[in-house]
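The values are calculated or read from the model by the stated rules, or taken from the named source; none is laboratory data. Everything numeric here is computed off the predicted structure, so don't read it as measured data. All Cβ positions, glycine included, derive from the backbone under ideal geometry; neighbour counts span all protein chains shown. Side chains are part of the model used for accessible areas, which takes the heavy atoms of the whole protein and leaves out ligands, DNA and RNA. Shrake-Rupley method; radii C 1.70, N 1.55, O 1.52, S 1.80 Å.
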Amino acid sequence: MKILVFSDSHGSTLFMRKALNMHRDAEVVFFLGDGLADVDTLAYMFPSVAWIVVSGNNDYYPTFRGAPVGKIESITLGGFKIVATHGNHYYAKHGTGALKRLAKEQGADIVLFGHTHEPHEEYVPDDEHPFYLFNPGSASGYSPSFGVIMLDKAPLLSHGRFA
């Protein structure tokens, strides 16, 4: 299963559209906040993917397709528990400690977060339950990026960038 991950589009759909066109085989898209209005537009342009969204600190009217959007979502895909959040409530700009605690509390295999605008990929070999922390970076700005996750027997996480 191929999953695309975006965050922090801040009013621009350009790079998310490019990534979605490059990865037409994606089945699921996570959007991690700060641009919910952008994703509302894209969801109508790309109706064949499942959209999982959370609100960010700059989403003043957090709705998606007319329904309220929460600050955290948890879903199991391909046998892996994925927890998605924007990251501001877990102090992502100051480190990953709170996100690691979230992963342990939730029993997550992967925690997706945004907010920092910087791509981040970390494997945490926890003795009880190893997990990944993954930030796709920002889908806008001077160095836009996004995330790609392939779920098979083990998750494979990578970042995509635009020239």
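Every Cα-Cα pair of region 1-84 was included, and the share exceeding 22 Å stands at 19 percent.
The fraction of accessible area contributed by carbon and sulfur in the chain is 52 percent, rounded to a whole number (1.4 Å probe; ligands and nucleic acids excluded). When you count the other C-beta atoms within 10 angstrom of each residue and take the mean per peptide, 154-160, 53-59, 128-134 line up highest first as 53-59, 128-134, 154-160. Reducing region 16-31 and region 94-125 to their Cα centroids gives an inter-centroid distance of 22 Å. Placing unit charges on the Cβ atoms only, positive for Lys and Arg and negative for Asp and Glu, gives the chain a dipole magnitude near 260 debye about its Cα centre.
Using the Cβ of residue 39 as centre and a radius below 13 Å, the other residues enclosed give a net charge of -3, where K and R count +1 and D and E count -1. Note on residue 27 and residue 72: with the Förster distance fixed at 25 Å, the Cβ-Cβ geometry gives a FRET efficiency of about 0.70. All C-alpha to C-alpha distances of region 109-163, sorted into 5 Å bins beginning at zero, yield P(r) values of 5, 19, 28, 22, 13, 8, 3, 1, 0 percent in whole numbers. Rounded to the nearest 10 square angstrom, residue 150 shows an accessible area of 80 square angstrom against a 1.4 Å probe.
Globularity index of the chain is 0.94 (Cα radius of gyration / 2.2 N^0.38 Å, N = number of residues).
For region 79-121, the fraction of C-alpha pairs farther apart than 13 angstrom is 48 percent.
Using the 1.4 Å probe convention, the accessible area of region 27-78 works out to 49 Å² per residue with neighbouring protein chains retained. Per residue, the accessible area of region 100-163 comes to 52 Å² when a 1.4 Å probe rolls over the protein heavy atoms. Given a Förster radius of 22 Å and the C-beta distance between residue 91 and residue 124 as r, what FRET efficiency does 1/(1 + (r/R0)^6) yield to the nearest 0.05? Working from the Cβ atoms, E equals 0.85.
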